[in-house]
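Student: What follows is a single structure, and I will ask about it in a moment.
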Amino acid sequence: MSSADQVLAGRFWNGAIQNYWNEIAQSAAGAERLPTAASARLFALLNLAAADSVIAFYDAKYTYNFWRPVTAIRAATVGNSETMSDPNWLPEVGNTPPDPSYPGAHATVSAAALEVLVSVLKRDRLALTVTSEVLPGVVRSFGSLSDAAEEATFSRIFAGVHFRFDLTTGRRMGRSVADFAVDNFLKPRSPEDAADDDRPRRERRVQ
């Protein structure tokens, strides 16, 4: 990805991440021609996992209370001659969310959403387009759900508001939350539906 594409991605995904994933789910449900009941279950699981992810990452953020890049870059690291502060540095998106950095919200929610969608749809590859509430008229296209999740995750580095380890931990957290939601909530009622839901999940592309 070129530096210009990275800047665009950083700005494109700089909105409420759950809104993007509800749009993606709507497109996926339409493309897969899901019946009404199946669509309702998909959106319920998606937003249940997203809400629980928010609870989990906020609990962790205020437990670890780790600084954002804007604070780290502007601060001089005492005793380390290899670092220099830049008191005028700003992130690419112009501002930084007013909460601690670790773990990353976009990474957590995107991983949870990806897990739910792949679990319900039984597939990852799906041509889709996504719009942005912060860049009206701009559309991003992807060949799979995991491609969209990966860009949404790494956009926070491109935006200048997260460190890579924020995203790594966020991904693990999101997958764990979604796995629990899919395995324990909104289970099918009929034996036939249960057998279908218990099929092995496809291998995930986002590690």
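Student: Given a 10 angstrom Cα cut-off, can you work out which residue in 109, 134, 118 is the most mobile in a GNM of the chain?
Tutor: Among 109, 134, 118, the largest mean-square fluctuation in the Gaussian network model of the chain belongs to 134.
Student: In whole angstrom, note down how far apart the Cα centers of the range 100-125 and the range 23-62 are.
Tutor: 9
Student: Give the range of the longest stretch in the chain that excludes all trypsin sites (Lys or Arg not before Pro) found in loop regions by DSSP and having at most 10 other beta-carbon atoms within 10 Å.
Tutor: Segment 34-188 is the longest.
Student: Then there's this: Could you tally the net charge around residue 97, taking each other residue with its Cβ under 15 Å from the Cβ of residue 97, Lys/Arg +1 and Asp/Glu -1?
Tutor: Overall, the nearby charge balance is +1.
Student: Same structure again: If I model a spin label at residue 84 and residue 16 as a point 7 Å from the Cα along the Cα→Cβ vector, what separation in nanometres do I get?
Tutor: Each label point lies 7 Å from its Cα, and together they span 4.2 nm.
Student: Helix 164-184 versus the longest principal axis of the chain: what angle, 0 to 90°, nearest 10, using Cα atoms?
Tutor: Between the helix axis and the principal axis of the chain, the angle is about 20 degrees.
Student: Related question: Shape verdict for the chain, please, from the Cα gyration tensor: rounded (a/c under 1.5), prolate (a/b greater than b/c) or oblate.
Tutor: Numbers: a/c = 2.63, a/b = 1.79, b/c = 1.47.
Judged from the Cα gyration tensor, the chain comes out prolate (a/c at least 1.5, a/b above b/c).
Student: Is the C-alpha gyration tensor of the range 21-136 telling us rounded, prolate or oblate? Criteria: a/c under 1.5 is rounded; beyond that, a/b larger than b/c is prolate, otherwise oblate. Each step should come with its number before you reach the end.
Tutor: On the way: a/c = 3.32, a/b = 2.31, b/c = 1.44.
Taking the square roots of the gyration eigenvalues as a ≥ b ≥ c, the range 21-136 is prolate.
Student: Still on this structure: What angle, in degrees between 0 and 90 and rounded to the nearest 10, separates the Cα long axis of helix 145-158 from the longest principal axis of the Cα atoms of the chain?
Tutor: Tilt of helix 145-158: around 10 degrees.
Student: To continue, here is another question. List the GluC sites (Glu not before Pro) in the range 1-102 that DSSP assigns to loop (not H, G, I, E or B) and whose Cβ has at most 10 other Cβ atoms within 10 Å. Which are they?
Tutor: Working: sites: 23, 32, 82, 92; in loops: 32, 82, 92.
Listed in order of number, the matching sites are 82.
Student: Which residue fluctuates the most in the chain, going by a Gaussian network model with Cα springs under 10 Å, if the choices are 29, 112, 178?
Tutor: Between 29, 112, 178, it is 29 that shows the largest mean-square fluctuation.
Student: So, one more: Using only Cα atoms and rounding to the nearest 10 degrees, what angle (0 to 90) does helix 17-31 make with the longest principal axis of the chain?
Tutor: For 17-31 against the chain, the angle is about 30 degrees.
Student: Still on this model: Scan the chain and report its longest stretch carrying no chymotrypsin sites (Phe, Trp or Tyr not before Pro) that are both in a DSSP loop and have at most 15 other Cβ atoms within 10 Å.
Tutor: With a cap of 15 other Cβ atoms within 10 Å, the longest stretch comes to 90-184.
Student: Just to confirm a number: summing +1 for Lys and Arg and -1 for Asp and Glu over residues other than residue 57 whose beta-carbon lies under 12 angstrom from that of residue 57, what do you get?
Tutor: Taking every Cβ under 12 Å from that of residue 57, the sum is -1.
Student: Among 69, 100, 188, which one shows the biggest mean-square fluctuation in a GNM of the chain, springs joining Cα atoms closer than 10 Å?
Tutor: Highest fluctuation of the listed residues: 188.
We did not get these values from a lab; they are worked out from the coordinates using the rules stated. Quick caveat: nothing in here was measured; it's all calculated off a predicted structure. Virtual Cβ from ideal backbone geometry, glycine too; neighbours counted across all protein chains shown.
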